[in-house]
Amino acid sequence: MLGVGFLLVAALVVWAIDPFDPFLVYQLSSVCYFAIGAAGLTVLTGLNGQLSLGHGALMGIGAYTTAVVLKAHTDLNPALVMGTATLVTAVASIIVGAAAARLRGPYLAGATLGLAVGLPGVAVRFSNIFGGDAGTSIPALVPPDALSSIAPEVWLTWIGLIPTVITFVLLANLVRTRYGRDFRAIREDEVASALNGIRVARTQVLAFVLSGACAGLAGSLLGYTSNLAAPGSFPLTLSLLLLAAVVIGGLGTLPGAVWGALVVVFVPSWISSLNDTVHLPSAVRDQLPLALFGAVFVVAMLAFPHGIQGGVVRLWQFRASRRRPGAQEQAADL
Amino acid sequence: MDVSAIGAAAGSRTGPGALGPGSLEVRSLSVRFGGLVALDDVSLEVPAGEIVGIIGPNGAGKTSLFNVVSGFLRPQAGEILYGGRRINGVRPHELNSLGIARTLQGLGLWRGLTVLENVMVGARRAKRPGFASALLGFSRSDRYEAVLTGLARDQLRLLGIERFADRYPGVLPYGVQKWVSLARALVSRPALLLLDEPASGLTATEIKELADLLRSLRAQMSIALVEHRLDLIMNVCERVHVLDFGRVIASGPPERVQKDKAVTDAYLGEELTPTVVEGEADARG
């Protein structure tokens, strides 16, 4: 049901954007990969309570896998390429996740931070495979001949929606079963979790691998979108932006991952265009977007402490409570 | 410290009934943290189908004993027998499938899960669908969810707290939270139930209800009860073991243990009147 809903909305979005605005189309592709990455991270950080500052680097693994695979087999089906990128990143996440399962709080943050800072260096070090600082190019996806009237960017967005929808359907399935409950139980109390038969460390690794797989898929899509896998595409700020998306969208909720992806893609560009309409000294103008973006985040978190999705839920319950007395108390429980 | 006469007599008793399914026996258990002795040559048993109290002053080693049995602590010496089978080296997550359930002093309810979900986690069963099945939303996974929901609801109904099923534990009165933690332990149908201070923080009426519940469970499981509230112990236990400084100083029926000289010396007068306030301090948050 949820999946069908997602598909309908996605189809509607694609239909709505078909009338070609190249920049908008590009932004929607970005929303896709941000949403996938944020969905994986929200399961890990929001549901399972493991903080990762290294998911940008995991996205890098996905993008580089995409580039390396396509260098060898230029015409490989994108589904296979993305699948390979997802798998490779998932395998890499087993190692990171096994280390992460032993770490808590600030130590885990520190370790994953090291991953975010260190991994781009690997690409530079092995420049014969990964292309060094310049990176490796990824050929653009072109629509098949029968659909050649569609611009490549629009085609990419079509293609990008498919893994996005699949990811959300699968994660939505998973979080409403015992896996979702086990993830959350571990976040709340590890001792009680073990006493109730949950294999704590193994489940934590599972959460990390699952979320790493999402990051790999997101990275692959990012690669297709930017036609490049380069160290500069996966800075620490990408990891932080993912985390910001998860938090502002609503930690631990899948719809929140979509909200967050929309915010981190669209808000900066709105601020930039707003900035361009006012005439300010260039020293101010250049720094203003970043400052405003930060301010938007602070204000949003003050207004919606549980993220956008939390605000939506609250609004929904408020409406419901006005129709049906007694529901107010339910809302207070959240 | 002297081991009392009844203690020595009870400690050496090992009848065939003692080793029945769900029974617990520890033999010569010793646990040290560096120089500190938590358990010193402790031997005691919880025969199948009996309720056995484990009492003693704070720091006597009661919770350490539970921690050893549930695999959080490794003993330096001694044996743990469950249903006559040696379970030394058991890992905490294996208890559930062995049929051992334990409640925690601080309850350890998951605050971000509803009451129903809390109990559903406790209701895990051996035949459960795998990761792929859950990921792809197969009907097998859905049926399993429905079974768990049913089990959890039944257990909540049995304890009379079904109306709280969709609430979060943090907003409920402490007594109800205790019942939820009991439901979570009982829903797995354990053969051995380890209760860590179930009465702390409960009102007199609630303690009576708890006593009735425990007596009604006796037919289905063995119960080891660590408790400060002597009224509950006297009310439901067939047998009591008294720990002090990590040693068993007395064992026997509660009314005899109560009169034991070693016990009154070590214990009485100190912990007779734990209050509701202490119970609330136990609760997390």
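Throughout, read-outs are computed from the coordinates displayed, never taken from laboratory work. This one's a predicted model, so the numbers in the text were calculated from it and none came from an experiment. Counting neighbours? That spans all protein chains shown, and the Cβs are built from the backbone with ideal geometry, glycine included.
A few points about this structure:
- For region B:107-189, relative contact order (Cα pairs under 8 Å, six or more residues apart, normalised by length) works out to 51 percent.
- Within chain A, the selection of entire DSSP H helices by a Cα span of 20 Å or greater along the long axis and an average Kyte-Doolittle value of at least 0.5 returns A:2-17, A:22-41, A:55-72, A:78-100, A:105-125, A:152-175, A:200-226, A:236-250, A:254-277, A:282-303.
- Averaged over A:54-60, number of beta-carbon atoms from partner chains that fall within 10 Å: 0
- For the peptides B:198-209, A:224-235, residues were scored by their other Cβ atoms within 10 Å and the scores averaged per peptide; the highest-first order is A:224-235, B:198-209.
- Sequence-separation-based contact order of region A:57-128, relative, with Cα cut under 8 Å and 6+ spacing, percent: 40
- Over all other residues within a Cβ to Cβ distance under 15 Å of residue A:126, the charged ones net out to +1, with Lys and Arg as +1 and Asp and Glu as -1.
- Kirkwood-Stokes translational diffusion coefficient of region A:2-236, alpha-carbon pairs, 10 °C, 1.306 mPa s, µm²/s: 87
- Between 0 and 90 degrees, the angle of helix B:174-186 with respect to the longest Cα principal axis of chain B falls at about 80 degrees.
- Neighbouring partner chain Cβ atoms per residue of B:92-98, average, 10 Å criterion: 5
- Cβ crowding within 10 Å averaged over residues, with B:182-193, B:217-228 ranked highest first: B:182-193, B:217-228
- Per-peptide packing, taken as the mean over residues of other Cβ atoms within 10 Å, places B:65-71, A:94-100, A:215-221, A:43-49 in the sequence A:215-221, A:43-49, B:65-71, A:94-100 from highest down.
- Annotation for region A:140-164 versus region B:159-188: alpha-carbon center distance of 53 Å.
- Residues A:59, A:82, B:234, ranked from the fewest to the most other C-beta atoms within 10 Å, line up as B:234, A:82, A:59.
- Counting only alpha carbon atoms, the long axis of helix B:139-158 and the longest principal axis of chain B meet at about 50°.
- Partner shielding of A:196-204 amounts to 5, given as the average count of beta-carbon atoms from other chains within 10 Å of each residue beta-carbon.
- Averaging the Cα positions of each part gives two centres, and for region A:91-118 and region A:195-251 these lie 12 Å apart.
- Counting neighbouring Cβ atoms within 10 Å and putting the fewest first, the residues A:33, B:82 line up as B:82, A:33.
- Exposure proxy order (Cβ contacts within 10 Å, fewest to most) of A:32, B:237: B:237, A:32
- If only the Cβ of Lys and Arg carry +1 and only the Cβ of Asp and Glu carry -1, the dipole of the protein assembly as shown around its Cα centre is close to 960 debye.
- Here the dipole of region A:2-236 is about 900 debye; that uses its Cα centre as origin and unit charges on the Cβ of Lys and Arg (positive) and Asp and Glu (negative).
- Value of [θ]222 nm, deg cm²/dmol, for the protein assembly as shown, DSSP H segments ≥ 4, -39500 (n - 2.57) each, nearest 500: -18500 deg cm²/dmol
- Length-normalised contact order of region A:2-236 in % [C-alpha pairs under 8 Å, at least 6 apart]: 44
- Long pairs among B:208/B:261; B:208/B:259; B:62/B:178, criterion Cα-Cα beyond 22 Å: B:208/B:261; B:208/B:259
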